[in-house]
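**Student:** After the structure tokens below, expect a handful of questions from me.
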Amino acid sequence: MNQPLTKSWDEVRTAFKKIWGYEDFRPPQGEIIRCLLAQKDALIIMPTGGGKSICFQLPALLQTGLTLVISPLVALMENQVEELRQKQQKAALLHSELPSFQRRATLQALERQQLRLLYLSPETLLSAPVWERLCEPQLQINGLILDEAHCLVQWGDTFRPSYRRLGAVRSALLKSKPPGTKISIAAFTATADPLAQKIISTVLQLQKPEAFRLNPYRDNLHLSVRIAWTPRGRKQQLLKFIQNRPNQAGLIYVRTRRDSENLALWLAELGYVTASYHAGLGATERRAVEAGWLSGKMPFVVCTCAFGMGINKPDVRWVLHFHSPNLLSEYVQEIGRAGRDGKPSEALMLISEPTGWLDPEDKQRQRFFAEKVRSQQQTAQQLIKKLPQQGEVNAVTKQFPDGAIALSLLHSSGQLQWLDPFHYTITQKTGTQPPTQIQAAQQMNKYLTTKQCRWQYLLTAFGFVGSPRPSSSSSSPWRCGHCDHCRN
């Protein structure tokens with residue numbers, strides 16, 4: 001039976017200074033660490049660069065037993081584990097790209113209880129070899145950390161359906177542990193609007209979670225949106241933008257792997273030192289691009305949303321969205337990678353003119369996204385007629401190609417419950433339409449066309465009402481003074 005840690009706060013601070021070298025915590029790091037050491041559930045929303053990872057790493061390292069960190073991207077896991085290993089801490093990771101000898105060594109370390117932190121994706125967590133070991137009665141598990149928890153909302157319904165099964169993990173693990181065992185759950189993210197917060201809490205089955213919410217506003221980050229009238233004009237605007245910022249560190253975000261590769265190739269042909277970065281690259285290629293960018297040898301990277309999570313580079317002076325993201329949460333995540341050192345930084349987004357006549361690509365992208373979501377929802381509703389009342393996820397996925405996504409969508413619409421992470425029961429044949437990603441995409445479109453202060457729009461969308469500046473008058477609408485609308 002695992003008990004909450006009873007170290008004094010001086011001992012906690014001493015360990016913090018010894019491992020990370022800092023004198024003291026930044027608010028609200030201390031309060032979050034106290035909460036996790038007391039093994040309470042928590043929902044933490046802190047801007048990128050706010051020191052989220054320390055908040056769960058330190059409590060995990062101070063406790064005997066294991067903390068599982070569920071993380072969406074291999075690059076993110078690799079960065080955090082490498083940093084911990086350099087500090088001589090007992091951390092490891094498991095993912096599908098690992099060589100078999102490394103995988104075996106990590107599983108052995110897990111069995112011998114030699115780890116304090118184990119990083120893994122939702123899919124790896126629920127794979128048979130890992131799950132069997134986690135269910136060993138003698139293996140002490142203190143907590144589950146869902147890092148980048150917005151991915152559960154962004155990707156959980158369709159792209160990464162395993163996220164929707166995470167709520168059944170705690171109760172299933174506890175069945176295999178000694179009576180009185182406690183496993184806490186904490187979700188960390190930089191962006192979650194009120195609806196996303198509710199989805200995260202509900203899906204993870206958080207129990208009376210303590211909530212920590214930090215305002216994402218940054219007065220050094222200047223937001224602007226510009227129309228690119230033609231595809232050629234879009235490239236010319238990009239070129240002019242980077243020509244005016246020689247040797248400044250930046251990021252160019254695009255929608256797809258192909259866009260990333262094509263644009264990086266075009267810029268390289270023009271003499272720029274850059275590279276494409278996306279989830280399809282191997283670990284060695286990813287590492288090389290990250291190292292080139294972090295060292296300053298490569299001023300900017302042309303990347304998909306796969307780049308940037310957990311990579312800390314304080315002096316990024318600009319983020320340019322060559323294409324608009326589908327969701328506002330993605331956008332806030334990505335612009336948050338600029339200006340972490342507090343110095344002036346820019347976030348520019350290029351969009352097609354409103355009709356889409358001269359450059360239809362943005363509209364085509366949005367239409368493709370919306371049609372794909374609708375098609376997946378229709379498939380789920382057709383599948384529910386063929387499924388047994390109770391069943392097992394692997395059996396369904398073997399029989400139906402889109403079975404895992406369909407089960408996830410049925411869970412999202414309230415028609416299905418997970419009995420454990422592998423078995424479901426259908427609770428009703430018809431469900432309420434869930435707040436879909438299509439609605440979230442519409443929120444993004446409104447941001448692009450709004451006439452109000454852009455920061456005010458973002459803060460309102462994420463549930464922060466009123467001015468982030470204490471001195472501002474609350475009676476008049478607040479304006480940031482440094483977005484394109486306020487400057488004009």
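The values are calculated or read from the model by the stated rules, or taken from the named source; none is laboratory data. Just so you know, these numbers come straight off a predicted model, no measurement behind them. Every residue, glycine among them, receives a Cβ derived from its backbone with ideal geometry; neighbour counts consider all protein chains shown. To get the accessible areas, we keep the full protein, side chains included, count just its heavy atoms, and leave off ligands, DNA and RNA. Shrake-Rupley method; radii C 1.70, N 1.55, O 1.52, S 1.80 Å.
**Student:** Per the helix-only calculation at 222 nm, which mean residue ellipticity applies to the chain, given -39500 (n - 2.57) for every DSSP H run of n ≥ 4 and division by its residues, nearest 500 deg cm²/dmol?
**Tutor:** The helix contribution divided over the chain gives -12500 deg cm²/dmol.
**Student:** Another question, then. Sorting check: for 70-83, 384-397, which peptide has the highest mean count of neighbouring beta carbons within 10 Å, and how do the rest follow?
**Tutor:** Per-residue Cβ counts within 10 Å, averaged per peptide and sorted highest first, yield 70-83, 384-397.
**Student:** Between the range 79-128 and the range 358-411, what is the C-alpha centre distance in whole Å?
**Tutor:** 32 Å
**Student:** Continuing with the same structure: Over the range 9-213, with every protein chain in place, what whole percent of the accessible area is carbon and sulfur at 1.4 Å, could you tell me?
**Tutor:** 51 percent
**Student:** Taking all protein chains as present, what is the carbon and sulfur share of the accessible area of the range 221-359, in % to the nearest whole number, probe 1.4 Å?
**Tutor:** Of the solvent-accessible surface of the range 221-359, carbon and sulfur hold 55 percent.
**Student:** Given axes a ≥ b ≥ c from the Cα gyration tensor, I'd like to know whether the range 221-359 is rounded (a/c under 1.5), prolate (a/b larger than b/c) or oblate.
**Tutor:** Cα axes put the range 221-359 in the rounded bin.
**Student:** Mind putting a number on the dipole of the range 37-120 about its Cα centre? Charges go on the C-beta only, +1 for Lys and Arg and -1 for Asp and Glu, and I need it in Debye to the nearest 20.
**Tutor:** Around 240 debye, computed over the range 37-120.
**Student:** I'd like to check one number: the per residue accessible area of the chain, probe 1.4 Å, reported in Å² as a whole number.
**Tutor:** 45 Å²
**Student:** Could you work out the percent of alpha carbon pairs in the range 9-213 separated by over 30 Å, rounded to a whole number?
**Tutor:** So the portion of pairs separated by more than 30 Å is 16 percent.
**Student:** Using Cα-only point scatterers and the Debye equation, what is log10 of I(q)/I(0) for the range 94-209 at each q in 0.21 Å⁻¹, rounded to two decimals?
**Tutor:** The Debye formula, applied to the Cα set alone, gives -1.27.
**Student:** As an exercise, use a Förster radius of 41 Å and the Cβ-Cβ distance of residue 369 and residue 15 to find the FRET efficiency, rounded to the nearest 0.05.
**Tutor:** 0.35
**Student:** Could you grab the relative contact order for the range 224-326? Cα pairs under 8 Å, six or more apart, rounded to a whole percent.
**Tutor:** 39 percent
**Student:** 5 Å is the cut-off here: which amide hydrogens, built 1.01 Å from N in the peptide plane, fall below it relative to residue 185, excluding neighbours closer than 5 in sequence?
**Tutor:** Here 41, 42, 144 satisfy the definition.
**Student:** By how many degrees, between 0 and 90 and to the nearest 10, does the Cα long axis of helix 52-62 differ from the longest principal axis of the chain?
**Tutor:** Between helix and principal axis, roughly 20 degrees.
**Student:** In percent, what relative contact order does the range 1-124 have, based on Cα pairs under 8 Å that are 6 or more apart in sequence?
**Tutor:** 25 percent
**Student:** Quick check for me: using +1 on Lys/Arg Cβ and -1 on Asp/Glu Cβ, what's the dipole size of the range 9-213 about its Cα centre, in debye to the nearest 20?
**Tutor:** 440 debye
**Student:** Given labels modelled 7 Å from the Cα in the Cβ direction, how far is it in nm from residue 211 to residue 460?
**Tutor:** So the label points at residue 211 and residue 460 sit 2.0 nm apart.
**Student:** Exceeding 19 Å between C-alpha atoms, which entries from my cross-link table qualify? They are 372/446; 343/451; 18/87.
**Tutor:** Correct reply: 372/446; 343/451.
**Student:** How much FRET efficiency would the formula 1/(1 + (r/R0)^6) give for residue 135 and residue 229, where r is the Cβ-Cβ distance and R0 is 51 Å, rounded to 0.05?
**Tutor:** 0.30
**Student:** Something else now. Evaluate E = 1/(1 + (r/R0)^6) for residue 181 and residue 399, where r is the Cβ-Cβ distance and R0 equals 41 Å; express this FRET efficiency to the nearest 0.05.
**Tutor:** In this case the efficiency is close to 0.70.
**Student:** Measure nothing fancy, just the Cα-based angle from helix 361-383's long axis to the longest principal axis of the chain, in degrees from 0 to 90, nearest 10.
**Tutor:** 30 degrees
**Student:** How high is the relative contact order of the chain? Use alpha-carbon pairs under 8 Å, at least six apart in sequence, and give a whole percent.
**Tutor:** Computed value for the chain: 16 percent relative contact order.
**Student:** Looking at the chain only, what percent of DSSP beta bridges run antiparallel? Nearest 5 please.
**Tutor:** Percent antiparallel among DSSP bridges in the chain is about 15.
**Student:** By how many degrees, 0 to 90 and rounded to 10, does the Cα axis of helix 403-412 deviate from the longest principal axis of the chain?
**Tutor:** The answer is roughly 90 degrees.
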